[in-house]
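The values are calculated or read from the model by the stated rules, or taken from the named source; none is laboratory data. The structure displayed is predicted, hence computed values, not measured ones. With ideal geometry, Cβ positions are generated from the backbone for all residues, glycine too; neighbour counts draw on all protein chains shown.
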Amino acid sequence: MIKITENTPGRTALVDGRTCLYFSGFSYLGMHSSHTFRDLLAVGIGRFGSVYPSSRISNLQLKLYEEVEHALAVLLHQQSAVCFSSGYLAAQAAVTYAATKGEVLFAPGTHPALQYPGALVPAGQWNDWITTVVEMVNKGTDDQYVIVSDAVNPLTATINDFEALRQIEKKVMVLIDDSHGAGILGEKGEGSISILPDNPALHYMITASMAKAFSLEGGFVAGHAADIAAIRRLPLFTASTPIIPAYAYTFLHAAGAYATARKRLKDLIIEFKRLNTGITGIHHPHQLPVFVLEDKKEKENVYTYLLSRDTFISSFAYPDPLGQRIHRVILSALHTHTDLNILSTQLAQFYPSV
């Protein structure tokens, strides 16, 4: 059942007039509720206003965009980067360009943002797919194929294992959507690039939304300089409104806040996993801030059970709204140790212990 609120959720959310603990959404670092972050955003608005009223290819260009794109390229250990006003637009630009470089091999579950009309996205298990793809690429010719996949599946709390790509012998472009890894994974928030195999045959390009970890409406593509230069010539870039400059300013000046929140989030993930040791029904295969809850068919729905106790979790079908609902606990750096203890006690009451 959909609930309506009049306020942006943070650590808590107002639901039906009740203040509930909020374990949903994708503000993993909780920056949208941070006073430090909001102050930076206010400075950015004061300096740059609400929009940059010109094209990115006009004859007067804002230096700030060059600075934020350089910072993103450095963070992801790539030669170059380009920003867009949304993660969806960035992904569309990336896959539109990638499709000109070879036959696209989509992974199962590839996010709709990374697909184009008519995309052939296979069903089945991701691990089986990657094995088949490696064999297919090695039997082909150089630059015949393009591999496209999400780095992280937040619906299953899974970080996809790309180690099989180390076996690839033919030159191939690999396009990765790291929207749920960038800013979270890696020592400095560099994301999944820190776990992608180093292989001279692989030609990586990374795209991501900035709305998840960074709490900013925007997106980017990072990769080889020649690829990024080509993307800058696409109408998806030249004819689109730039990312709001105040957002770019905030990203450049929030590195310390991001680092502090990332450290806190990692500690909370470890603590919550410890608190739930021995409780069945909680699925957490990787160190992500996402815990998938089993739906006990013979019992009350875990979502309604927790909501009746003033705890709100993620519970909806995605990306198909008519699909099966997925119940998840999503941690944020905003949560307190008391919050985790309350939720763990409730889950222990709902699920049996080993």
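A residue that is out of contact with any Asp or Glu (no Cβ under 8 Å at 6 or more places or on another chain), farther than 22 Å from Ala91 by Cβ and assigned to a helix (DSSP H, G or I) cannot be found anywhere in the stretch 140-151.
Kindly provide the set of residues from the stretch 312-338 that are in contact (Cβ under 8 Å) with a residue 40 or more places away in the chain and farther than 22 Å from Glu300 by Cβ, ordered by number. Tyr318, Pro319, Leu331, Ser332, Ala333, Leu334, His335, Thr336, His337 - these are the residues of the stretch 312-338 that are in contact (Cβ under 8 Å) with a residue 40 or more places away in the chain and farther than 22 Å from Glu300 by Cβ.
Using the structure shown, decide if Ala94 is in contact with a strand residue (DSSP E or B) (Cβ under 9 Å, 6 or more places away or on another chain) and among the small types (Gly, Ala, Ser). Considered against the rule, which asks whether it is in contact with a strand residue (DSSP E or B) (Cβ under 9 Å, 6 or more places away or on another chain) and among the small types (Gly, Ala, Ser), Ala94 comes out as yes. Taking the criterion of being under 15 Å from Glu271 (Cα atoms), surrounded by 20 or more Cβ atoms within 10 Å (Cβ to Cβ) and not aromatic (Phe, Trp, Tyr), would at least one residue in the stretch 311-330 satisfy it? Checked the stretch 311-330: at least one residue is under 15 Å from Glu271 (Cα atoms), surrounded by 20 or more Cβ atoms within 10 Å (Cβ to Cβ) and not aromatic (Phe, Trp, Tyr). For the residues Phe316, Phe291, the requirement of being within 23 Å of Leu185 (Cβ to Cβ) and either modelled with pLDDT under 95 or within 17 Å of the chain's Cα centre (by Cα) (or both) singles out Phe291. Assess whether Ala226 counts as being in a helix (DSSP H, G or I) and farther than 28 Å from Leu40 by Cβ. Yes, satisfied. Considering only residues that are part of a loop (DSSP other than H, G, I, E, B) and more than 16 Å from Val74 (Cα to Cα), which ones fall in the stretch 185-213? Residues satisfying the conditions are Ile195, Leu196, Pro197, Asp198, Asn199, Pro200, Ala201, Ala211, Lys212, Ala213. The listed residues are Glu163, Glu217, and the only one of them that is surrounded by fewer than 16 Cβ atoms within 10 Å (Cβ to Cβ) and under 30 Å from Tyr65 (Cβ atoms) turns out to be Glu217.
With respect to being outside the structural domain of Ser58 (by TED's automatic domain parsing), more than 22 Å from Asp339 (Cβ to Cβ) and free of Cβ contacts under 8 Å to residues at least 60 places away in the same chain, Lys299 fits the description. Within the stretch 151-189, being of a type in the set (Ser, Thr, Tyr) and in contact with a helix residue (DSSP H, G or I) (Cβ under 7 Å, 6 or more places away or on another chain) holds for one residue alone: Ser179.
Specify the residue that is surrounded by the fewest Cβ atoms within 10 Å (Cβ to Cβ); the eligible residues are those in the stretch 43-91 that are small (Gly, Ala, Ser) and assigned to a helix (DSSP H, G or I). The qualifying residue surrounded by the fewest Cβ atoms within 10 Å (Cβ to Cβ) is Gly46. Count of the stretch 254-293 residues, restricted to those that are in a loop (DSSP other than H, G, I, E, B) and either surrounded by 13 or more Cβ atoms within 10 Å (Cβ to Cβ) or on the phi > 0 side of the Ramachandran plot (or both), is 9.
Taking the stretch 152-184, which residues are hydroxyl-bearing (Ser, Thr, Tyr) and assigned to a loop (DSSP other than H, G, I, E, B)? Correct list: Thr156, Ser179. Scanning the stretch 92-123 for residues that are in a loop (DSSP other than H, G, I, E, B), among the hydrophobic types (A, V, I, L, M, F, W, C) and buried (at least 20 other Cβ atoms within 10 Å of the Cβ) gives a single hit, Ala107. Residues in the stretch 240-253 that are aliphatic (A, V, I, L, M) and out of contact with any Lys or Arg (no Cβ under 9 Å at 6 or more places or on another chain) were compared, and the one that is surrounded by the fewest Cβ atoms within 10 Å (Cβ to Cβ) is Leu252. Checked against (1) in contact (Cβ under 8 Å) with a residue 12 or more places away in the chain; (2) of a type outside the set (Asp, Glu); (3) outside the structural domain of Ala333 (by TED's automatic domain parsing), Tyr28 meets all criteria but (3).
Among the residues making up the stretch 8-21, those that are over 23 Å from the mean Cα position of the chain (by Cα) and either free of Cβ contacts under 8 Å to residues at least 24 places away in the same chain or part of a loop (DSSP other than H, G, I, E, B) (or both) are Leu14, Asp16, Gly17.
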